Amino acid sequence: MISSTNFAFFVTASLALVLIPGPNHLYITARGIAQGRAAGLASALGVETGTLVHIAAAAAGLSYVIKQSATLFAIVKWAGVAYLVYLGIRAFTGKDAEPGRPEPQPLGKVFLEGVLVNVLNPKVALFFLAFLPQFVRPDAGSPALQVAVFGLTLLLLGLVSDLVYAVTAGTLGRRLGTRARTLRHVSGVVYLGLGVATAFAGRK
């Protein structure tokens, strides 16, 4: 059973992630600016529907790894820490980019596009495999169930954040474009902090 302390740590880390603008937010903002709130909401729902695929894949993959070898799981876990640190460093060294203005489309197509944008993004899959294992405890029950609980919690927090961006896309989107460097540096600090925090948490 997942301990309340571990779950609280996960929620805190997840909130830090969903509160900073990321690629999904920029995509949803761009769609909202181009086509209005309804399209922004449809794209947000599509993105988080795609997240379900990554949660299922992470749950199945991590469960298999843990069953095979504790050493393999440790390798996956520390590779995840390294990837989080890499994301932080890249955020400080990357180039600024403004969200584009996609062509207007039917809402059903906007939803499907949001699903595909998320499902077909290998970086999202890598992130789930890097982030979720930091909170899985082999002695806390089924690893697959733990990943599912953590993943769905992150999905719900992300959905709330996405919907806020979708509703306010008309004004917030333009501000994101003019403050890209500041936002990028904030995200870098968050990623580096998560990498260091989860590394030390894993030693307990």
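The values are calculated or read from the model by the stated rules, or taken from the named source; none is laboratory data. The structure displayed is predicted, hence computed values, not measured ones. All Cβ positions, glycine included, derive from the backbone under ideal geometry; neighbour counts span all protein chains shown. Protein only, heavy atoms only, side chains kept; ligands, DNA and RNA dropped before computing areas. Shrake-Rupley method; radii C 1.70, N 1.55, O 1.52, S 1.80 Å.
Take the conditions assigned to a helix (DSSP H, G or I) and over 24 Å from residue 189 (Cβ atoms) and apply them to residue 42. Does it pass? Yes; evaluated as a whole, the condition is true for this residue.
For the range 1-29, give me each residue that is of a type in the set (A, V, I, L, M, F, W, C), open to solvent by 60 Å² or more (accessible area, probe 1.4 Å) and assigned to a helix (DSSP H, G or I). Walk me through how you get there before you give the answer.
Of the residues in the range 1-29, the ones of a type in the set (A, V, I, L, M, F, W, C) are 1-2, 7-11, 13, 15-20, 26, 28.
Those still in the list that are open to solvent by 60 Å² or more (accessible area, probe 1.4 Å) too: 1, 7, 9, 15, 19.
If the condition is that a residue be of a type in the set (A, V, I, L, M, F, W, C), open to solvent by 60 Å² or more (accessible area, probe 1.4 Å) and assigned to a helix (DSSP H, G or I), then 7, 9, 15 are the ones that fit.
Within the bounds of the range 30-37, is there any residue that is open to solvent by 40 Å² or more (accessible area, probe 1.4 Å) and either modelled with pLDDT of 85 or more or touching a Leu at 6+ places or on another chain (Cβ under 8 Å) (or both)? No, the range 30-37 contains no residue that is open to solvent by 40 Å² or more (accessible area, probe 1.4 Å) and either modelled with pLDDT of 85 or more or touching a Leu at 6+ places or on another chain (Cβ under 8 Å) (or both). When 109, 123 are checked against the criterion of being charged (D, E, K, R), open to solvent by 20 Å² or more (accessible area, probe 1.4 Å), modelled with pLDDT of 85 or more and within 23 Å of residue 29 (Cβ to Cβ), 109 stands alone in meeting it. Scanning the range 125-139 for residues that are over 20 Å from residue 8 (Cα atoms) and touching a Lys or Arg at 6+ places or on another chain (Cβ under 8 Å) returns no hits.
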